[in-house]
1. Just order 178-191, 70-83, 112-125 by mean Cβ neighbour count inside 10 Å, highest at the front, would you?
2. With a ≥ b ≥ c the root eigenvalues of the C-alpha gyration tensor of the range 33-179, is it rounded (a/c under 1.5), prolate (a/b larger than b/c) or oblate?
3. Quick one: which residues, 5 or more positions from residue 43 or on another chain, have an amide H under 5 Å from its amide H? H modelled 1.01 Å from N in the peptide plane, none for Pro or chain starts.
4. At 7 Å along Cα-to-Cβ for each site, give me the label-to-label distance between residue 85 and residue 227 in nm.
5. Using a Förster radius of 30 Å, what is the FRET efficiency between residue 92 and residue 235 based on their Cβ-Cβ separation? Nearest 0.05, please.
6. Take 199, 45 and sort them by solvent-accessible surface of the protein heavy atoms, 1.4 Å probe, largest at the top.
7. Which ³J(HN,Hα) values, rounded to whole Hz and listed in residue order, are derived for the range 118-128 from phi using the Karplus coefficients 6.51, -1.76 and 1.60 in 6.51 cos²θ - 1.76 cosθ + 1.60 with θ = phi - 60°, glycine and proline given as x?
8. Using amide H atoms built in the peptide plane, which far-off residues or other-chain residues are under 5 Å from residue 224 H to H?
Amino acid sequence: MKHFRIVLGMAVGALLACESTTGPGTSQLPLGDTVVVSIAGGDSMIYHLAIPAHQAYAVYAKALSGAAQIYFQERNNQLPGFAATLFANTQQGQPLLAGNLFLLAYAFAADFDVHVTPVPANSSTQLQLFLYRVDSLPEGRAAAFAIGDTVSGSIDPGTDVDVFTVSGTAGQQVTAVLQQQATAPGVPQLSVTDPSGTMRGVAITSGINTTGSTGVIAGTGLPVTGVYTFTVSQVSGQSGYRGAYRFWTTLGP
């Protein structure tokens, strides 16, 4: 998965409205639905994308025919603009949610004008757009678990993040093991943070049915008593992992 722009921060209801530069009318791109956009030669489209503070949103894009440039311009000049060019001949047979990704997440509200233009400008193009809200709640189960439990879940699409919590006692020697259960580009990772938010362990797999271990969390045992956070996501900078996983925790002597 190609990450053209990744800004970390953390949001509730994004709106993506669009209008043609050569004609009236606006429309909203709904969350979770794929929209096909056709642009005739010499025309272009401008979309408005509102990102509330403290929530990540992902815009997936795939060229179906021709080529198109997508340019994100923040209206209030809080952020520099960024762009990417999509080519249909390099994306044939590629799923939309495994293609070009624009991940938007900020600690403040941001309004973008998203310009879509054929390449070259006098040509025609068709592309797909998909707006996804990155939800940290795990699917199908509660977020809280107990040491000794086996926890199963899935990452889909690749920007999905599952966040779990567990109560621990200072000095406990806890080890976490993550297992990848699907064949997919990229691999998942499990990150463990203590109650203060300090990273205390990471487990990364290397392929289907492989496992990765944190070792004893924090090296010698849990440093403080409190609630620890276990986050499952794709490995940053790699193609997005999409598929099932499970992890389990064990308590040493």
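1. 178-191, 112-125, 70-83
2. Prolate is the answer for the range 33-179, as a/c is 1.5 or above and a/b outweighs b/c.
3. Excluding prolines and chain starts, which carry no amide H, there are no hits.
4. Result for the modelled spin labels: 4.9 nm.
5. 0.70
6. Putting 199, 45 in descending order of accessible area: 199, 45.
7. x, 10, x, 4, 8, 9, 10, 8, 9, 8, 10
8. The list, which skips near neighbours in sequence, is 171.
The values are calculated or read from the model by the stated rules, or taken from the named source; none is laboratory data. Quick caveat: nothing in here was measured; it's all calculated off a predicted structure. Heads up, the Cβs are rebuilt from the backbone with ideal geometry, glycines too, and the neighbour counts pull from every protein chain shown. These accessible areas exclude ligands, DNA and RNA; they are computed on the full protein's heavy atoms, side chains included. Shrake-Rupley method; radii C 1.70, N 1.55, O 1.52, S 1.80 Å.
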